[in-house]
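Only one structure is covered here, and it is reproduced in the block below.
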């Protein structure tokens, strides 16, 4: 059951092939068996989940359910969900229970989706490896000695291990696209302002944007349909008529201009990742898309600019965690100032403190113009590069991350090396554009690689169209990690079962471009095993 | 490059206690980050309008009406120390 994408599960629920309660029980069982080895979840609540599943079944029985009714999902643990612990991966909020629902949480609940748990994340979404969580690192389901990426690493790992068919995330500098790439799942960050930030604990308010993970682009479109839309409670929510993000999925990509930034294909990109991404672009070409070389001349400034702007905004946003109003308070202190200083020293982890300090410095008297104002000006230059580029192309393609998943501990002592993980994603956040990552092959050590697509403002439907057409011709997104840590086969080394086809992917014969509602190929391609493992109850 | 005194000063500004023994390591890490940031300081940005937000927005106006209910008791449930609807902190005026 867990091996079907969200869209197929929705069809199964609508046809009453199985109930939401059965599906949710199945996923809860998988989480109970497999998450010990992954640590993708901070909180799982069976009771709440089963109650919501039964309510969804009642709706489905009356024929009232929408496309997400009865579907189990997980929220990144920075979306407030009333009555649920909402920790942001921090000691500061480790016991804090949200008193209200975030807009995104409300929207999924309204659609009848079933919240099964809250996913692990880098503390306050600051990190690219999920190692900075107070609740311990998340492990990559493809290789548990490696990171899943971050900061939405728990959501990416949970979807990759098919613990849930869909999960939410947030992307401030690449926190959806980079873990999607490293975990071999699809993930989208919409245009800034498309999804309300109400109830989403703030990190860097001018860059934060909620999005989603799923197996396929079609799944992402379904989730985005539920999440996106105007919300007066977020002053940066953009007032636009609602749209159906699935509307362009049936359209072929012939004639579409795909921009290839020359700055993305340099020595900074690992050769195995480059080969997979190039293979994906070849597949789009084969379908009639037209490659166009473009330039983003200020691309190299994106990471430096981000590490002024994001910490500046974070230092301001995180000033609310003072031991008075929320969560943790240091047990011993001398006076009020000491209470603040000790609470924040003990409640925040090392990376969060570093960023608060950088932010405090660049905003301080005498340095504001040299750092913060200058960063805002260079941000304008970076955004203009994209505006220019989109005059020559319809969508931009490139890598989502410079390498495949790296070993836990490899970069955790060197903040700057960790920051460079987001080399290809950060500029999109600075410009406020939408971006997504879809699986496009396997690189070194048989680890997944993601293809990043960047769209123009509010052009998510077109990005999803390109991703969907690519996924109709390839099966990378259907691959899932296997091995004893994922429940099968018991007692055998996982490496033997992870042998992957090497990249670049071989394009398969052209499909007849069926509409998205048509049945998708059900054959699960598993060239590396000889028989069905029987773990999936298929 | 930040001096030890500057690191201490911003830690004070940010209300984060840094133990004596950790300041030097923190200074080194922060200087690594500022080394990365340095690249953008040399860019010629004369005449460039600062970009404060991801997309150009005008502030929305709404009716001058009360839209929030009083939920302070609910919100205070997550606070470390509350009494009679007030947040408790150590005495600040002797």
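For residue A:317, the conditions (1) closer than 24 Å to residue B:75 by Cα; (2) within 9 Å of another protein chain (Cβ to nearest Cβ) are fulfilled apart from (2). Among the residues of region A:381-395, those identified as buried (at least 18 other Cβ atoms within 10 Å of the Cβ) and over 17 Å from residue A:423 (Cα atoms) are A:389, A:390, A:393, A:394, A:395. The single residue among A:174, A:199, A:184 that is under 12 Å from the mean Cα position of the chain (by Cα) and closer than 18 Å to residue A:74 by Cα turns out to be A:184. Scanning region A:296-312 for residues that are surrounded by fewer than 22 Cβ atoms within 10 Å (Cβ to Cβ) and more than 9 Å from chain B (Cβ to nearest Cβ) yields A:297, A:299. Count of region A:202-232 residues, restricted to those that are touching a helix residue (DSSP H, G or I) at 6+ places or on another chain (Cβ under 7 Å) and in a loop (DSSP other than H, G, I, E, B), is 9. Within region A:325-340, how many residues are within 8 Å of another protein chain (Cβ to nearest Cβ) and either crowded, with 23+ Cβ neighbours inside 10 Å or in contact (Cβ under 8 Å) with a residue 12 or more places away in the chain (or both)? Number satisfying all stated conditions: 6. Within region A:171-201, if we keep just the residues that are more than 14 Å from chain B (Cβ to nearest Cβ) and in a strand (DSSP E or B), the residue that is surrounded by the fewest Cβ atoms within 10 Å (Cβ to Cβ) turns out to be A:200.
Within region B:53-90, the set of residues being modelled with pLDDT of 90 or more, assigned to a loop (DSSP other than H, G, I, E, B) and either facing another protein chain (nearest Cβ under 10 Å) or closer than 25 Å to residue A:359 by Cβ (or both) comprises B:71, B:77, B:78, B:79, B:80, B:81, B:88, B:89, B:90.
Checking residue A:421 against (1) at pLDDT below 95; (2) within 12 Å of another protein chain (Cβ to nearest Cβ): exactly one of these is not met. Which one? If we test residue A:421 against (1) at pLDDT below 95; (2) within 12 Å of another protein chain (Cβ to nearest Cβ), just (2) comes out false. For region A:1-33, enumerate the residues that are crowded, with 19+ Cβ neighbours inside 10 Å and within 23 Å of residue A:86 (Cα to Cα). Answer for region A:1-33, where residues must be crowded, with 19+ Cβ neighbours inside 10 Å and within 23 Å of residue A:86 (Cα to Cα): A:24, A:27, A:28, A:30, A:31.
Being more than 10 Å from chain A (Cβ to nearest Cβ) and surrounded by 15 or more Cβ atoms within 10 Å (Cβ to Cβ) holds for only one residue in B:37, B:33, B:23, and it is B:23.
Once region A:223-257 is narrowed to residues that are surrounded by 19 or more Cβ atoms within 10 Å (Cβ to Cβ) and more than 23 Å from the chain's Cα centre (by Cα), the residue that is farthest from residue A:391 (Cα to Cα) is A:253. Selection of region A:43-70 for residues being outside any helix (DSSP H, G or I), touching a helix residue (DSSP H, G or I) at 6+ places or on another chain (Cβ under 6 Å) and within 20 Å of residue A:120 (Cα to Cα) yields only A:44.
Check A:199, A:193, A:184 and return the single one that is farther than 24 Å from residue B:53 by Cα and touching a residue at least 40 places away in the same chain (Cβ under 8 Å). Full working, then the answer.
Values: A:199 fails: farther than 24 Å from residue B:53 by Cα; A:193 fails: farther than 24 Å from residue B:53 by Cα.
Exactly one of A:199, A:193, A:184 is farther than 24 Å from residue B:53 by Cα and touching a residue at least 40 places away in the same chain (Cβ under 8 Å), namely A:184.
Only one of the listed residues (A:378, A:352) is within 28 Å of the chain's Cα centre (by Cα) and either surrounded by fewer than 24 Cβ atoms within 10 Å (Cβ to Cβ) or within 7 Å of another protein chain (Cβ to nearest Cβ) (or both). That residue is A:378. Number of residues in region A:140-149 that are in a loop (DSSP other than H, G, I, E, B), farther than 23 Å from residue A:93 by Cβ and touching a helix residue (DSSP H, G or I) at 6+ places or on another chain (Cβ under 9 Å): the value is 3.
The condition (being touching a helix residue (DSSP H, G or I) at 6+ places or on another chain (Cβ under 6 Å) and surrounded by fewer than 24 Cβ atoms within 10 Å (Cβ to Cβ)) is satisfied by just one residue among A:131, A:111: A:111.
Every residue in region A:89-102 that is surrounded by 24 or more Cβ atoms within 10 Å (Cβ to Cβ) and in contact with a strand residue (DSSP E or B) (Cβ under 9 Å, 6 or more places away or on another chain), please. Spell out how you get there, then give the answer.
The first filter runs over region A:89-102 and keeps only residues surrounded by 24 or more Cβ atoms within 10 Å (Cβ to Cβ), leaving A:89-90, A:92-93, A:102.
The answer is A:89, A:93, A:102.
Selection over region A:117-127 of residues that are on the phi < 0 side of the Ramachandran plot and in a loop (DSSP other than H, G, I, E, B) gives a count of 4. Looking across region A:266-291, the residues that are free of Cβ contacts under 8 Å to residues at least 60 places away in the same chain, outside any loop (DSSP other than H, G, I, E, B) and closer than 22 Å to residue A:392 by Cβ come down to A:285, A:290, A:291. The set of residues in region A:99-116 that are within 25 Å of residue B:73 (Cα to Cα) and not in a helix (DSSP H, G or I) comprises A:99, A:100, A:101, A:102.
Do you know which residues across region A:355-370 are more than 7 Å from every other protein chain (Cβ to nearest Cβ) and closer than 14 Å to residue A:314 by Cβ?
Going residue by residue through region A:355-370, those that are more than 7 Å from every other protein chain (Cβ to nearest Cβ) are A:355, A:359, A:362-363, A:365-369.
Within region A:355-370, A:355, A:359, A:362, A:363 meet the criteria.
The values are calculated or read from the model by the stated rules, or taken from the named source; none is laboratory data. Not measured: the values here are computed from a predicted model. Glycine gets a Cβ as well: all are built from the backbone with ideal geometry, and neighbour counts include every protein chain shown.
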